[in-house]
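J.: Below you'll find the structure I mean.
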Amino acid sequence: MKDHLLRLTSVDGTLRATAASTRDLIEELRRRHGTDPTATVALGRLATGTVLLGSLLKGKQRLALMLEGNGPLQKLHAETDAEGHVRATVKNPVSGLPPSESGFPVAQAIGKAGFLHVIKDLELKEPYQSMVQLYSSEVAEDLAYYLATSEQIPSSVALGVSLTPTGGVAAAGGFLIQALPGCPQERLQELEQHLAGLPPVTTLLAGGSTPGEILGQALEGIPLTHGTTLTPAFRCTCSMRQVTAMLRSLPPEERQELARRQEATEVSCEYCRQVYRFTPEELAGLAENDRDS
Ligand code: ZN
């Protein structure tokens, strides 16, 4: 199944729901960052959560989620735009924590103590920034906790990543269901009971359920709109121009030091691992430009 996102609302407008399949995206993150299995699941859950929350963005708005914990992964960061383009990174891609019978020790890898940061560029003067303590460090519950406390939107979040025996991504995806103002209390209770009886989202995805089928099952009996779709995909915003500007902003002594070396200087993007190479002559050229300006 190709990566796909579906967003819809209930006909009465009191619920909104998004589901996505993100296998290809998470596999690409795994390949680029060389994450070990537990790190793949942790980063995959965060990136999928970012895709789901990002489906509420409009125009040129952007969203970033960052998990900062006292576990071996240290810091995980994912960003998206309104079109579902995602990039993500993890400070330490090797958790060193193998799966146990109960699954991947994601909470241990992230760390039980720490914070979830949410940054939204809504094209206003200042970006929106919020921070909550980690709730369970399993990612989905942390996002639901943030949504309930910071945004005051009761939300159900499910995120799932399953791996092949060799550590590749077999299936990934999730759903986000939110109660909007005016949602009757009985409907919420009914929904909660219904969701509690739903198989884990990883099982649904591994069984080949599409985002539409997952939402159909999760919201059974509730009249829904047709909804909108998009295709989540990896895309980094780095460029040669940005990296050149970064090198230009180094103190002149530091840059001249690099230019005096025999070998080329390599700058690697932390999000996509693309390597930008600069020969000593090119670096010296940047310095020349400085003197001109
Ligand atoms: Zn990049």
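J.: Please work out the average accessible area per residue across region 1-55, using the 1.4 Å probe convention, and give it in Å².
T.: Heavy-atom SASA per residue in region 1-55 reads 29 Å².
J.: What do you get for the angle between helix 185-196 and the principal long axis of the chain? Use alpha-carbon atoms, 0 to 90 degrees, nearest ten.
T.: Here the helix axis deviates by roughly 70 degrees.
J.: Sticking with this structure for a sec: How large is the accessible surface per residue of region 247-289, computed with a 1.4 Å probe and reported in Å² as a whole number?
T.: Values: 2710 Å² over 43 residues.
Averaged over the residues of region 247-289, the accessible area is 63 Å².
J.: Using Cα pairs under 8 angstrom and six or more residues apart, how large is the relative contact order of region 78-201, in percent? Working shown, then result.
T.: Details: 131 pairs, mean separation 15.8, N = 124.
Once divided by the residue count of region 78-201, the mean separation gives 13 percent.
J.: Please tell me the relative contact order of the chain in percent, rounded to the nearest whole number, where contacts are Cα pairs under 8 Å and at least six residues apart. Write out the running numbers ahead of the final one.
T.: Details: 600 pairs, mean separation 66.0, N = 293.
Dividing the mean separation by the residue count of the chain yields 23 percent.
J.: Where nothing but the Cβ of Lys and Arg (+1) and of Asp and Glu (-1) is charged, how large is the charge dipole of the chain around its Cα centre, in debye to the nearest 20?
T.: Working: 27 positive and 34 negative charges, 61 e Å.
Dipole of the chain, to the nearest 20 debye: 300 debye.
J.: Something else now. Run the dipole for region 150-254 about the Cα centre, Lys and Arg Cβ at +1, Asp and Glu Cβ at -1, nothing else charged, and hand back the magnitude in debye, nearest 20. Could you put the intermediate results ahead of the total?
T.: Numbers: 4 positive and 8 negative charges, 86 e Å.
Result for region 150-254 is approximately 420 debye, rounded to the nearest 20.
J.: State in Å² the accessible area per residue of region 140-217; use a 1.4 Å probe, count heavy atoms of protein chains only, and round to the nearest integer.
T.: Working: 3520 Å² over 78 residues.
For region 140-217, the per-residue accessible area is 45 Å².
J.: Among 33, 59, 73, pick out the residue whose Cα is farthest towards the positive end of the charge dipole of region 2-77, where Lys and Arg carry +1 and Asp and Glu carry -1 on C-beta, about the Cα centre.
T.: Value: 59.
J.: In region 2-116, carbon and sulfur make up what percent of the accessible area (probe 1.4 Å)? Write down the numbers at each step before the final one.
T.: Numbers: 2180 of 4290 Å².
Heavy-atom surface of region 2-116 belonging to carbon and sulfur, 1.4 Å probe: 51 percent.
J.: So, with a 1.4 angstrom probe, what is the percent of accessible area on region 149-262 that is carbon and sulfur?
T.: Working: 3380 of 6390 Å².
Its accessible area is 53 percent carbon and sulfur atoms.
J.: Once you keep just the Cα pairs under 8 angstrom separated by 6 or more residues, what percentage relative contact order results for region 183-293?
T.: Working: 57 pairs, mean separation 19.9, N = 111.
Relative contact order comes out at 18 percent.
The values are calculated or read from the model by the stated rules, or taken from the named source; none is laboratory data. Given the structure is predicted, the values throughout are model-derived calculations rather than measurements. Backbone-built Cβ (ideal geometry, glycine too); neighbour counts: all protein chains shown. These accessible areas exclude ligands, DNA and RNA; they are computed on the full protein's heavy atoms, side chains included. Shrake-Rupley method; radii C 1.70, N 1.55, O 1.52, S 1.80 Å.
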